[in-house]
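The values are calculated or read from the model by the stated rules, or taken from the named source; none is laboratory data. Owing to the predicted nature of the structure, the values given are computational and were not obtained by experimental measurement. So basically every Cβ, Gly included, is an ideal-geometry build from the backbone, and we count neighbours across all protein chains shown. Side chains included, ligands, DNA and RNA excluded: accessible areas come from the protein's heavy atoms. Shrake-Rupley method; radii C 1.70, N 1.55, O 1.52, S 1.80 Å.
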Amino acid sequence: MHHRDIDSVESVGGISLHIHGFLRDADNGITQARWWLCVPVALLCLLLVDVGLSFWRPAPERLPEQFSSAYLQRYVVGQRGRSPIVFLGDSMLWGYRLRSDDAAASLLRRQFSHQPIVNLSYEGGSSANTYFMLRYLLASGVRPALVVFNVNSKETNIADSAYSRLHPSLEALVTPLLSSADRKLLTLQPAPTLGSHLEADVASVWQLYRYRTDLREALFGTDDAAGALRNWLQELTGSAALQAQAHRPTTGKFLGTYDLAPLGSDNVDFTYLKKISALLRTERISAVAFLTPTNHVLLNDYIGVPEYDQKLRQLETALRQPGTTVLNLDRTMLTDEFLDNDHLTVEGNRRLAALLAPAMQSKLPR
């Protein structure tokens, strides 16, 4: 090859290498630019999610199994200007182990379609929880057209987990309403720590963080991925049926659940039951109160005694007043309408709805 040809080749090769290097540097620059672009895009997405959540108005058939204070607050605020029928109580009225549309409140919602129904019952309910939920509604500008609530005699037992405790999400909202007497009666959450203060500060400016529990359940249910996989495998292998059989309710599992001692002024649950009656009377709010049905066949060894009925009469007496209809539903259900001692099957909830409907209808304007 001639010298001139070699120079030409080297010249062309040099240009090629130069162009390649330029393109490589340009590509790296674009890549870096794209990397830094991800940060504002991500922030913009989070901002848009928060803007969307600001317009979110939850309207569930019932409260989620795990609900935050922010969720409860927004749900209650959404009831302003309405006069709903409000259901208050524990897991039996919430619809334990049932789909939300099989719970008694949901069945009655279809029957009373002209009147909004709000189910604010939840697992861990008690007389104290009912009392403060009602106070919170009134303080939030929501005046119920009718309050329907259950009174479960097992919750008058000092050993019951809900005896003197408020749901943490409710407690956080009603803390300003607690008197010194309430603080002495109730077992309250520990004093806030630095960590809880920081969490509250983050939640106050970031709605996605504030509603994380509620959104997670709405999107994915109450199971995490591991739990969902485990349940699927148990159903597939048939072990779920074996476990259900092994965990079927027996009399021995409810030893100590029901305290048959007479109710006195030192009983926290009974004290708040009387406070409910006083609040309903003062505010002139109509109510239907019912004694929770109990599985007498299962629990006959413990509650098949006169002391149990005497205690129910005490509860009824404390509730009876003008404006409140009291229903003793303790012996109204068949044994196969119970899941356990007091939670009802789908059929049990249908019967409960049928028993409540006439009393509710009589309390509403015609």
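Report, by residue number, each residue of the range 118-139 that is assigned to a helix (DSSP H, G or I), open to solvent by 10 Å² or more (accessible area, probe 1.4 Å) and not hydroxyl-bearing (Ser, Thr, Tyr).
Result: Arg135, Leu138, Ala139.
For the range 169-188, what are the residues that are open to solvent by less than 90 Å² (accessible area, probe 1.4 Å), without any contact (Cβ under 8 Å) to a residue 40 or more places away in the chain and not hydrophobic (A, V, I, L, M, F, W, C)?
If the condition is that a residue be open to solvent by less than 90 Å² (accessible area, probe 1.4 Å), without any contact (Cβ under 8 Å) to a residue 40 or more places away in the chain and not hydrophobic (A, V, I, L, M, F, W, C), then Glu171, Thr175, Ser179, Ser180, Asp182, Thr187 are the ones that fit.
Which one of these does Trp94 not meet: (1) under 12 Å from the mean Cα position of the chain (by Cα); (2) touching a residue at least 40 places away in the same chain (Cβ under 8 Å)?
Answer for Trp94: the failing condition is (2).
With respect to Pro262, is the statement that it is open to solvent by 30 Å² or more (accessible area, probe 1.4 Å), part of a loop (DSSP other than H, G, I, E, B), at pLDDT 85 or above and not hydroxyl-bearing (Ser, Thr, Tyr) true?
Numbers: open to solvent by 30 Å² or more (accessible area, probe 1.4 Å): yes; part of a loop (DSSP other than H, G, I, E, B): yes; at pLDDT 85 or above: yes; not hydroxyl-bearing (Ser, Thr, Tyr): yes.
Yes: the conditions hold for Pro262.
Considering each residue of the range 279-291, count those that are part of a loop (DSSP other than H, G, I, E, B) and touching a strand residue (DSSP E or B) at 6+ places or on another chain (Cβ under 9 Å), and give that number.
2
Taking the range 297-329, which residues are assigned to a loop (DSSP other than H, G, I, E, B), touching a residue at least 24 places away in the same chain (Cβ under 8 Å) and more than 15 Å from Tyr258 (Cα to Cα)?
Hits for the range 297-329 are Pro322, Gly323, Leu329.
Filter the range 265-278 for residues that are open to solvent by less than 30 Å² (accessible area, probe 1.4 Å) and either not small (Gly, Ala, Ser) or not in a helix (DSSP H, G or I) (or both) and give the result.
Those that are open to solvent by less than 30 Å² (accessible area, probe 1.4 Å) and either not small (Gly, Ala, Ser) or not in a helix (DSSP H, G or I) (or both): Asn267, Val268, Asp269, Phe270, Thr271, Tyr272, Leu273, Ile276.
Which one is surrounded by the fewest Cβ atoms within 10 Å (Cβ to Cβ), of the residues in the range 349-366 that are under 23 Å from the mean Cα position of the chain (by Cα) and over 11 Å from Tyr96 (Cβ atoms)?
Per the criteria, the residue is Arg350.
Report the residue count in the range 275-296 for those that are among the small types (Gly, Ala, Ser) and more than 17 Å from Ala357 (Cβ to Cβ).
2
Within the group Thr294, Thr332, which residue is on the phi < 0 side of the Ramachandran plot, open to solvent by 40 Å² or more (accessible area, probe 1.4 Å), outside any helix (DSSP H, G or I) and modelled with pLDDT of 95 or more?
Thr332
Which residues, taken from the range 100-149, are closer than 30 Å to Glu337 by Cα and among the basic types (Lys, Arg)?
Passing the criteria: Arg109, Arg110.
Do you know which of the residues in the range 90-116 that are open to solvent by less than 10 Å² (accessible area, probe 1.4 Å) and not in a helix (DSSP H, G or I) is farthest from Ala357 (Cα to Cα)? Explain how you work it out, then say what you get.
Of the range 90-116, the ones open to solvent by less than 10 Å² (accessible area, probe 1.4 Å) are 90, 92-93, 95, 103-106, 108, 112.
Adding the requirement that they be not in a helix (DSSP H, G or I) leaves 90, 95, 103, 112.
Numbers: Asp90: 19, Gly95: 17, Ala103: 14, Phe112: 9 Å.
Ranking the candidates gives Asp90 first.
When you check Val51 against the structure, is it at pLDDT 95 or above and outside any loop (DSSP other than H, G, I, E, B), yes or no?
no
If you check every pair at least six apart or on different chains, which have Cβ atoms under 7 Å apart with a residue in the range 61-76 that is under 19 Å from Ile117 (Cα atoms) and part of a loop (DSSP other than H, G, I, E, B) first and a residue that is open to solvent by 30 Å² or more (accessible area, probe 1.4 Å) and of a type outside the set (Phe, Trp, Tyr) second?
Correct list of pairs: Glu61/Ser100; Glu61/Asp101; Arg62/Ser100; Pro64/Glu217; Glu65/Glu217; Glu65/Thr222.
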